[in-house]
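J.: Got a structure for you, questions after.
The values are calculated or read from the model by the stated rules, or taken from the named source; none is laboratory data. All values derive from a computational prediction rather than experimental measurement. Cβ: placed from backbone, ideal geometry, glycine included. Neighbour counts: every protein chain shown.
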Amino acid sequence: MFKRALALVGYVPATVEAERNTLAEDLRQMTAARDEMARRNASAIEEGAALAVKYADLDARYQNILQEYEADIRKWRGFEVERQQLQASIDTLNEQVESANELIREMQRQRPQLRLARPAPVVAGDEPESATPAEDEVIVKEHTVEMSARVIVISFEGRAHWTLSSNDHLFKVPVHDRAFLDDPSNKFAKGAVIRAEFLETTFRRAGDGEPYTRRSLERVLEVIQPAPTTTQPLFAGAANAPEGGAFS
């Protein structure tokens, strides 16, 4: 009753005043904390929105990179298929080349035993290879061979023909290297060896099945002289010698 009367006249006990002040301070701090939390929440929302934009941008870039990667994978698979096809073609060509090389090696092993064509009688202007019978089978098609041979005989049958020796084996060839023949500075000594390119074709005779080879000398690459001795022009001795005589 007494406290109520004091309260009516405006008297507040010190303890109550202290409690009220404490509550007011607590309320102020709570308000400040609420405002700080609201500020931080707004900042977090802004940061979240910015992060969402960045994420969307990164996701779009990722999708583009993924599409490019998938496109590159498809291209790579296409290239791999083409590479495998090309490798298969290369393997096939290598097998064909090896087969051809084996055939050439076999023909080269047999060459010393092959019967070389003996030129049939010709008239001026004829080439001896034109006498090949049409029914003879071609075993090895015409191809270029580089080989060395010793000059044995120079003769004239309408055009220049030489008799050469290779591996103790004589054969006669027409000479088509006009630049070499027309050069008066070219000289041979007895026993000279030439390194030259020949066109070579191997046939099988229709009658008896015997193989034989026809050659033509296309280009003289080198004249290998024997030990130093007296040399003479290319046809110096042949002009006065009997036709088909040895070149000395």
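J.: Could you list, in sequence order, all residues of the stretch 184-213 that are touching a residue at least 12 places away in the same chain (Cβ under 8 Å) and among the charged types (D, E, K, R)?
T.: The answer is K187, K190, R195, E197, E200, R204, R205, E210.
J.: Looking at this structure, is S155 at pLDDT below 90 and under 23 Å from L103 (Cα atoms)?
T.: no
J.: Can you go through L6, L27 and tell me which one is farther than 30 Å from H143 by Cα and modelled with pLDDT under 85?
T.: Going through L6, L27 in turn, just one is farther than 30 Å from H143 by Cα and modelled with pLDDT under 85: L6.
J.: Is it the case that some residue within the stretch 55-62 is farther than 30 Å from H169 by Cα, part of a helix (DSSP H, G or I) and basic (K, R)?
T.: Within the stretch 55-62, one or more residues are farther than 30 Å from H169 by Cα, part of a helix (DSSP H, G or I) and basic (K, R).
J.: Part of a helix (DSSP H, G or I) and at pLDDT below 90, is that true of E98?
T.: In short, yes.
J.: Can you name the residue in the stretch 161-181 that is farther than 15 Å from R219 by Cα and of a type in the set (G, A, S) and is also modelled with the highest pLDDT among such residues?
T.: If we take residues in the stretch 161-181 being farther than 15 Å from R219 by Cα and of a type in the set (G, A, S), then S165 is modelled with the highest pLDDT.
J.: Moving to a separate point now. Suppose the filter is of a type outside the set (K, R), loosely packed, with under 11 Cβ neighbours inside 10 Å and either within 21 Å of R219 (Cβ to Cβ) or modelled with pLDDT under 85 (or both); does P133 pass it?
T.: yes
J.: Please specify each residue of the stretch 214-229 satisfying the condition of being part of a strand (DSSP E or B) and free of Cβ contacts under 8 Å to residues at least 12 places away in the same chain.
T.: none
J.: From the list A179, A189, which one is over 27 Å from E106 (Cα atoms) and surrounded by 16 or more Cβ atoms within 10 Å (Cβ to Cβ)?
T.: Of the residues listed, the single one that is over 27 Å from E106 (Cα atoms) and surrounded by 16 or more Cβ atoms within 10 Å (Cβ to Cβ) is A189.
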